[in-house]
1. In the set (1) 6, 22, 27, 23, 14, 6, 2, 0; (2) 6, 21, 20, 14, 12, 11, 9, 5, 2, 0; (3) 6, 27, 36, 23, 7, 1, 0, which value of P(r) over Cα pairs in 10 Å bins from 0, in percent was calculated from the structure you see?
2. How far apart, in nm, are the 7 Å Cα→Cβ label points at residue 278 and residue 2?
3. Of 81, 283, 127, which is the most mobile in a GNM of the chain whose springs link Cα atoms less than 10 angstrom apart?
4. Helix 243-252 versus the longest principal axis of the chain: what is the Cα-based angle in degrees, 0 to 90, to the nearest 10?
5. If you average the sequence gap of Cα pairs under 8 Å that are 6 or more apart and divide by the length of the chain, what percent do you get for the contact order?
6. Between the DSSP loop rule and a limit of at most 15 other Cβ atoms within 10 Å, which GluC sites (Glu not before Pro) in the range 220-300 are left?
7. Using a cut-off of 23 Å between alpha-carbon atoms, which lysines can reach residue 2, once sequence neighbours fewer than 8 places away in the same chain are excluded?
8. Under 25 Å between alpha carbons, and skipping anything fewer than 8 positions from residue 263 in its own chain: which lysines qualify?
Amino acid sequence: MKIGEPSLDQLRIFLSVEEEGSFGGAARRMGRAVSAISYGIAQMEAQLGVTLFAREGSRKPVLTEAGKGLLPEARAIADRADALLAKTRSLHAGLESEVGLVVDVMVPGEATAQVLRDFRTMFPTVALELRVEGLGAVAACLLDGGSLLAIGGPVIGDHPELERQVIGEEELVPVAAPDHPLAQPGIAPGASREHLQLILTDRSSLTEGREFSVLSPQSWRLGDLGAKHALLKQGIGWGNMPRHMIRGDLASGSLVELDLPEKPGAPYVLSAIWRRDARPGPATSWLIDAFRERLAECPA
């Protein structure tokens, strides 16, 4: 038996009858005559070679076993078609079809999660590609065309191809384990140079050779902020960490804030950054505003 291919309209009629529980209800919902609904179901049944509804002996159409089996597939096809139409309408309205976002590791994870949760609700038709990077690698994602928007620090924000808008800041705090020599009172100037410093390394060639808040010639360079955090808690070296990430450690005493004469801690200014030749669209602009609001709400 040759199986035909039902139209999208027939699938929608099938779904309407099942959801409304009657041919009349489907007709009212779709603004059609009952005869048109009945004809659509009959045509679909003829094409597929199955009976979708048992009509005899009941005033209410009841799904057959074949109808029950095909229902999820019909619903999935209709949902995908609805998504296609919604995205098309968004494109005609100027909404981006997708947004590439790169976020600095210094941005509080909770703020990022809240923004992205709300983004999926506000822009269900916009695909979002997320990357998390550090230092110059954030801007590199914009310059290589892989991302439309970055939420990043001051390392490369003055690049001539990039535009930026300050939206918040994160405090960097010099810390070490409580038994570390630098955690003791009365630290002399220059003492920090005598101890291993843990440094977040920049995996981008944009800032190759540049050092950021590096005081000690003895250093380990790590590409992962989580690994740096773990080593600090084990008493291996000292280093700057974003306050939001070590707030619990400072409260419990597993890390202590260092009072160094050089005051290596500093505000880490966060900006929304984009290419000058790629003006932010509606979804991208919403992300900028949302990150600004969430960062303002983060505890100091």
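1. Entry (2).
2. Distance between the two pseudo-spin positions: 4.9 nm.
3. 81
4. With both axes taken from Cα atoms, the answer is about 70 degrees.
5. Values: 484 pairs, mean separation 60.8, N = 300.
Worked out over the chain, it gives 20 percent.
6. Working: sites: 257, 262, 293, 297; in loops: 262.
In loop regions of the range 220-300 (DSSP not H, G, I, E or B), the sparsely surrounded GluC sites (Glu not before Pro) are 262.
7. Counting by Cα, and skipping residues close in sequence, residue 2 has these lysines nearby: 68.
8. 228, 233
A short reminder: the numbers here are calculations on the coordinates, not readings from a lab. A quick note: this is a predicted structure, and the numbers were derived from the prediction, not measured. FYI the Cβ positions are ideal-geometry reconstructions off the backbone, even for glycines, and counts take in every protein chain you see.
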